[in-house]
Structures are given as C-alpha cells and as structure tokens.
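To start, the structure itself, in structure tokens.
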Amino acid sequence: MFFSTRGIINFMNECKSFLPNIDKRSKILILGSMPGIKSLEMQQYYAHPQNRFWKLMGLLCKTPNLADLEYNKRLKILLDNGFALWDVIKYCKRSGSLDSNIYDETPNDISGLLKKYKNVQVLILNGNKAYSALKKHIPAVFQEYKCLKMPSTSPANARYRLENLHQEWLNGIND
C-alpha cells in the first residue's frame, strides 16, 4: 500500500491526477492518461526514469539536457515553448502503473480548461489510453480541436525507440 500525507494516493489502487501545467501562451496541450506510481509518489509528471517523455520534450524544445534539469525548470521550459501538460483522467482505480489496469475513471474538466486557455489549438494524446479516455468522456473536443494520438513515451511501449517517438511526434505537430 502507498500512503501520502498530501492525500494523492489513499490506497495503492486509488489515483488522483495533478493540476495542469498551462498558461496563456500554451498552444499545444499534451494529455497523458494518469500518472504512474513513481510519478504519484514524487508528485511529478513522468517521474519514472525510464519514461522517455522528458528526453522527447528536450528534443522538441531544443533543450537536450531537459531531462536533467530541476523539475520546475522543465515545466517552465515546456510553457516557454507553447506546451501545456495535463491528464485526461482525474481519478481512477488502478493496480500498478499500467494503463490497461485503469478502471472506475473520472475525467478532468478538459473542456473547461480549453475555454479558459483559448490559445490551445492542438491536443496531443500520449498513448492509446489517453486517446480512448478522451474519446469516451469528452468526444466533442475531436470536432473542435486537432487531436493527435501519439505513441506513448512509457517504458511499457518498448516498440518505439526515442528517435522513432521524436519523428512521430514532430510529424504530428508539423502537419
């Protein structure tokens, strides 16, 4: 069992997502499904050392050492480059960190966030679960925004090397 004094993880299988990292300059909203156990423990997006998210964003933001920087600096660099970050799922139950184990999910208020931050034009869904959860809970965004289902940066997606992820994400953003 995992316990948190901040109430983030009440039991091993009850998860709550973080607040969004977004500002008025954000043009691209990257949506994951739900932070994994390591991220929940550390209270940081993509905290698992084998997740390629920060290395990928370093390439996209032309900041090769992004993954090595202090967490708040990484978040600021994302914002400086027009990227926002959040999760589709606000609450769920899950055993372990795999998206395939998510159940009893409740979505975040993505529609409300998009109404507040009107510069966002593109939604990037980091993996299949983020995509399917958005389509299930908030299908209207697919008619209002460019929504890109991208290969997951998770270590569970071993089929994609960092170079392949970079090319796929870059192609999607530039289309």
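Would you confirm, using the coordinates I've provided, whether residue 77 is of a type in the set (Val, Ile, Thr), modelled with pLDDT of 90 or more, open to solvent by 30 Å² or more (accessible area, probe 1.4 Å) and under 29 Å from residue 163 (Cβ atoms)? So residue 77 fits the description; yes. Cβ separations smaller than 8 Å between residues 6+ apart or across chains give the following pairs from the range 32-46 residues that are under 17 Å from residue 110 (Cα atoms) and small (Gly, Ala, Ser) to residues that are at pLDDT below 85 and assigned to a helix (DSSP H, G or I): 33/99. Within the range 137-158, the only residue that satisfies the criterion of being loosely packed, with under 14 Cβ neighbours inside 10 Å and closer than 15 Å to residue 34 by Cα is 155. Look at residue 129 and say whether it is open to solvent by 30 Å² or more (accessible area, probe 1.4 Å) and farther than 20 Å from residue 37 by Cα. Judged against the criteria, residue 129 is not a match. Would you mind stating whether residue 64 is outside any helix (DSSP H, G or I), open to solvent by 40 Å² or more (accessible area, probe 1.4 Å), over 15 Å from residue 30 (Cα atoms) and touching a residue at least 12 places away in the same chain (Cβ under 8 Å)? So residue 64 fails the test.
Those residues that are under 14 Å from residue 154 (Cβ atoms), within 14 Å of the chain's Cα centre (by Cα) and at pLDDT below 95, I need them from the range 99-125; list them, please.
Of the range 99-125, the ones under 14 Å from residue 154 (Cβ atoms) are 99-102, 125.
If we keep only those that are within 14 Å of the chain's Cα centre (by Cα) as well, we get 99, 125.
Scanning the range 99-125 gives a single hit, 99.
In the condition set (1) open to solvent by less than 10 Å² (accessible area, probe 1.4 Å); (2) assigned to a strand (DSSP E or B), residue 105 is compliant with all but (1).
Is there a residue being modelled with pLDDT of 95 or more, of a type in the set (Val, Ile, Thr) and closer than 20 Å to residue 26 by Cβ anywhere in the range 145-164? Scanning the range 145-164, I find no residue that is modelled with pLDDT of 95 or more, of a type in the set (Val, Ile, Thr) and closer than 20 Å to residue 26 by Cβ, so the answer is no. Restricting the range 41-92 to residues that are touching a strand residue (DSSP E or B) at 6+ places or on another chain (Cβ under 6 Å) and among the β-branched types (Val, Ile, Thr), the residue that is nearest to residue 17 (Cα to Cα) is 89. Restricting attention to the range 47-58 and to residues that are part of a helix (DSSP H, G or I) and touching a residue at least 24 places away in the same chain (Cβ under 8 Å), the residue that is surrounded by the fewest Cβ atoms within 10 Å (Cβ to Cβ) turns out to be 55. Only a single criterion out of (1) without any contact (Cβ under 8 Å) to a residue 60 or more places away in the chain; (2) closer than 24 Å to residue 19 by Cβ is not satisfied by residue 134, namely (1).
Given the condition farther than 24 Å from residue 173 by Cβ, part of a strand (DSSP E or B) and touching a helix residue (DSSP H, G or I) at 6+ places or on another chain (Cβ under 7 Å), answer yes or no: does some residue in the range 86-102 qualify? Give the steps one after another, and end with the answer.
So in the range 86-102, the residues farther than 24 Å from residue 173 by Cβ come out as 90-98, 100-102.
Okay, now just the ones that are also part of a strand (DSSP E or B), so 90-94, 102.
So of that shortlist, the ones also touching a helix residue (DSSP H, G or I) at 6+ places or on another chain (Cβ under 7 Å) come out as 94, 102.
Yes, the range 86-102 contains at least one residue that is farther than 24 Å from residue 173 by Cβ, part of a strand (DSSP E or B) and touching a helix residue (DSSP H, G or I) at 6+ places or on another chain (Cβ under 7 Å).
The values are calculated or read from the model by the stated rules, or taken from the named source; none is laboratory data. Quick caveat, the model's predicted, so the values are computed rather than measured. When we count neighbours, we look across all protein chains shown, and the Cβ atoms used for this are built from the backbone with ideal geometry, even at glycine. Ligands, DNA and RNA are stripped out before the accessible areas are found, and what is left, the full protein with its side chains, is counted by its heavy atoms. Shrake-Rupley method; radii C 1.70, N 1.55, O 1.52, S 1.80 Å.
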